[in-house]
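The values are calculated or read from the model by the stated rules, or taken from the named source; none is laboratory data. The structure displayed is predicted, hence computed values, not measured ones. Counting neighbours? That spans all protein chains shown, and the Cβs are built from the backbone with ideal geometry, glycine included.
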Amino acid sequence: MKKISLSPIALEVKMLNLLFMKATRKDIGRQLKARGLGVNPLEFGVLNIIKHTGYALSELSKEMMLAPATLVPVVQGLEKKGLVGRGHDPHDRRRSPLHLTPQGEKILVKISLTDGKDIVVRKLKELGEKDVGELRRILRKLVGAIVGEKKLKEILDSHRFKKFHNK
């Protein structure tokens, strides 16, 4: 049996992932704009994470795998829009957990990015049940190998993921 070189395949997988992420981010932006919510995809992602966690900025940074310097202006912008507030941790005076304001919660109620309008939902329907199952199995196997099975299980078992998964 001929050995195949995995380097070009790895490069292709990375490129496909980048294209996938770019297309889904563009679709999220389209959906947010169509609903006139006044937030971009990054801001929407921040709102979603804050809703379920009460993270401080440093924790949010780790969760999103973005530098704090990237998130500071995003969070400040959400504060100026009245969508996010900073609280006080009674156990650690240095920690300021972020929380949604009632206006921020209203935005999240107004939109579901996993409904029939979502590009991924539409394209998964086109693939068919068998291919979707295989895609899911292989992606979970690959991601588990990269981030670790324990971390993957943690993410898949998290309240935030289950909220979307059980719709």
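Here are a few things to note about the model shown:
- When residues in the range 41-70 are screened for being under 14 Å from the mean Cα position of the chain (by Cα) and farther than 21 Å from PRO102 by Cα, 6 of them pass.
- The listed residue being modelled with pLDDT of 90 or more and either of a type in the set (A, V, I, L, M, F, W, C) or within 21 Å of ILE49 (Cβ to Cβ) (or both), out of GLY133, GLY85: GLY85
- GLN31 of a type in the set (S, T, N, Q) and exposed (fewer than 14 other Cβ atoms within 10 Å of the Cβ): no
- Here GLY54, GLY45, GLY38 are screened, and the one residue that is within 24 Å of VAL147 (Cβ to Cβ), of a type in the set (Gly, Ala, Ser) and touching a residue at least 40 places away in the same chain (Cβ under 8 Å) is GLY54.
- Residue identified as over 17 Å from the mean Cα position of the chain (by Cα) and under 27 Å from LYS141 (Cα atoms) among ILE9, ILE28: ILE9
- Selection count where residues are surrounded by fewer than 11 Cβ atoms within 10 Å (Cβ to Cβ), in a helix (DSSP H, G or I) and over 16 Å from the mean Cα position of the chain (by Cα), scope the range 104-160: 9
- Where a residue in the range 1-19 is within 29 Å of ILE119 (Cβ to Cβ) and its partner, wherever it lies, is modelled with pLDDT of 90 or more, with Cβ under 9 Å and at least six apart: VAL13/LEU142
- Matching residues in the range 72-103 - criterion: being assigned to a helix (DSSP H, G or I) and among the aliphatic types (A, V, I, L, M): VAL72, VAL74, VAL75, LEU78
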